[in-house]
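The values are calculated or read from the model by the stated rules, or taken from the named source; none is laboratory data. Note that the coordinates shown come from a computational prediction; the quantities given were computed from them, not determined experimentally. In this analysis, Cβ positions are derived from the backbone assuming ideal geometry, glycine residues included, and neighbour counts consider all displayed protein chains. Surface accessibility is based on the protein's heavy atoms, side chains included, excluding ligands, DNA and RNA. Shrake-Rupley method; radii C 1.70, N 1.55, O 1.52, S 1.80 Å.
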Amino acid sequence: MDYATSQILERLRPLQQAVIVVYEDKESLSSFIDTPSRWNRLRDRTYRQYLKDQNRRSSAPLGPQQDWSERESIEKKLQPNQRAFFQHLVLYDSKKQLIAGRAKRGANYVFQEISYKDRKIAFIGYIKPKAFLRSVDKLFVDQQVKTFALLSVLMIFAALLVTLFVSRWLVVPLSMLSRNAKRVAGGDFSVRMNFRTDDELGKLCQNFDDMTQSLEKNEITRKQWVADISHEMRTPLSVLKAQIEAMEDGIRKPTNENFQLLRRKVDSLSFIIDDLYELSLADLGALQLQKEAMDITLALTEVVDEFREKLTHKELRLVTDFPAVPVVINADKKRIKQLITNLVENSYRYTDTAGEIKIKLANDEQQATLSIEDSAPGVPEDAIAHIFDRLYRVEGSRNRDTGGAGLGLSICRGIVESHGGSIEAEKSALGGLKQIISFPHTL
């Protein structure tokens, strides 16, 4: 409507020019006041010229979607509106005081400025149309409505098709995900989505598969854990039971030697129970720590002195490399000594006679790094990643003469992690295993 109105105002330029001509004669608009019919003649002449232009455009070739009957019908409906528009044109002076024409009472007039030599001399007042005054505008709008209606229908069908495709693409994997989640809640961790796409839905399904794989692995580990614990505790209990029954039957006598055998089995059970308790505290994050500033070099020296005789008896060469200055960390001294003892004990047990154990402590601005490595025998490559797992031992025979219950290194990892450090293992240049522990400086 705004565009159509601007086109109508273009047709008022001859009327504006006529007002300017009248003004140039006396540089006044008083002639319109003296002769009111003058304004009416100018206005009617403008209207006739407008109709002539309309008729000339009406004789132009029709568009592909137009017909004569439709155009004639529209023109008949528009003519009263056109006549009313021009009849209600009024002339105001530069102060917007009515000069000529009859203003319609209660109408909201809009003003078109008339200038002469860059000076406002008058205004033409008009009532903004609420309907189209030209048949071409009406035809254009009708065609656009039809076109947009057709496009809307096509867009709705296209949107429905896209919605069906997208909903199927979303609903199928989500339904499968819901079913598989129920199976996982029921204890079946073998389910997999196997839905591979690069979008967020594909990543969600991949995360679900990773989760179920971890749950399945944890369930297998839990069952293996229970079986291994049962095995570890059943063996010394079986020996105890057999020895006690033999004494009761008189087969074995209650001598000091036999009592010492029973004592060793009880101690073995006690060690396993203590280690399990330590591990449970580590899992819960409830290891009791009394952290204080301590020199880890002193703790290393104390542990080395305790093992020196045992190492000499097994003909193991001990090499130490400690800084000359104190290496201070914020830690529980008792737990750190337990950690070092477990690691050195592990090297002592598994290193062949006439071998070598090397302990090195390095220090920088970020952390203190302790490494303990030994000579042959080495650890298989696939076993290095599991040596900190519970109840894991490299030897297949599980001979307790060469190893414990397989809990020591797990406890070491718990102690290190409770201090905010890290522990890892790799092959040693000496031919055995190298364990690296890092503690951050917190002071």
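Summary of computed values
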item	result
Subset of segment 359-384 [out of contact with any Pro (no Cβ under 9 Å at 6 or more places or on another chain) and open to solvent by 70 Å² or more (accessible area, probe 1.4 Å)]	Lys360, Asp364, Glu365, Glu381, Asp382
Some residue of segment 279-302 being open to solvent by 70 Å² or more (accessible area, probe 1.4 Å), at pLDDT below 80, among the hydroxyl-bearing types (Ser, Thr, Tyr) and under 44 Å from the mean Cα position of the chain (by Cα)	no
First in segment 426-443 and of a type in the set (Val, Ile, Thr) and open to solvent by 20 Å² or more (accessible area, probe 1.4 Å), second anywhere and at pLDDT below 90 and part of a strand (DSSP E or B), Cβ under 6 Å, 6 or more apart	Thr442/Asn330
Residue pairs meeting the criteria (Cβ under 9 Å; at least 6 apart or on separate chains; first open to solvent by 50 Å² or more (accessible area, probe 1.4 Å), in segment 39-51; second modelled with pLDDT of 80 or more)	Asn40/Ala100; Asn40/Gly101; Arg45/Pro14; Arg45/Leu15; Arg45/Ala18; Gln49/Pro14
Enumeration of residues in segment 243-258 that are among the aliphatic types (A, V, I, L, M) and open to solvent by 60 Å² or more (accessible area, probe 1.4 Å)	Ile244, Ile251
Selected residue (criterion: modelled with the highest pLDDT) from residues of segment 1-13 that are over 60 Å from the mean Cα position of the chain (by Cα) and surrounded by 13 or more Cβ atoms within 10 Å (Cβ to Cβ)	Leu12
Residue that is farthest from Ser422 (Cα to Cα), among those in segment 346-358 that are open to solvent by less than 40 Å² (accessible area, probe 1.4 Å) and of a type outside the set (A, V, I, L, M)	Gly355
Failed condition for Thr197, given (1) under 30 Å from Thr212 (Cα atoms); (2) at pLDDT 85 or above	(2)
Qualifying positions in segment 322-341 - assigned to a strand (DSSP E or B) and open to solvent by 70 Å² or more (accessible area, probe 1.4 Å)	none
Among the candidates Glu426, Glu417, Glu373, residue that is part of a helix (DSSP H, G or I) and modelled with pLDDT of 85 or more	Glu417
Test: residue in segment 186-201 that is surrounded by 11 or more Cβ atoms within 10 Å (Cβ to Cβ) and part of a helix (DSSP H, G or I)	yes
Exclusive hit being surrounded by 15 or more Cβ atoms within 10 Å (Cβ to Cβ), within 30 Å of Ser280 (Cα to Cα), of a type in the set (A, V, I, L, M, F, W, C) and within 26 Å of the chain's Cα centre (by Cα), set Leu177, Leu215	Leu215
Flag if Ile127 is in contact with an Asp or Glu (Cβ under 7 Å, 6 or more places away or on another chain) and either surrounded by 14 or more Cβ atoms within 10 Å (Cβ to Cβ) or more than 25 Å from Tyr50 (Cα to Cα) (or both)	no
Filter result for the condition that a residue is assigned to a strand (DSSP E or B) and out of contact with any helix residue (DSSP H, G or I) (no Cβ under 7 Å at 6 or more places or on another chain), over Phe165, Phe148, Phe157, Phe123	Phe123
Tabulated pairs, segment 137-159, first closer than 19 Å to Thr5 by Cα and open to solvent by 50 Å² or more (accessible area, probe 1.4 Å), second of a type in the set (Phe, Trp, Tyr) and not in a helix (DSSP H, G or I), C-beta under 6 angstrom, 6+ apart or interchain	Lys138/Phe132
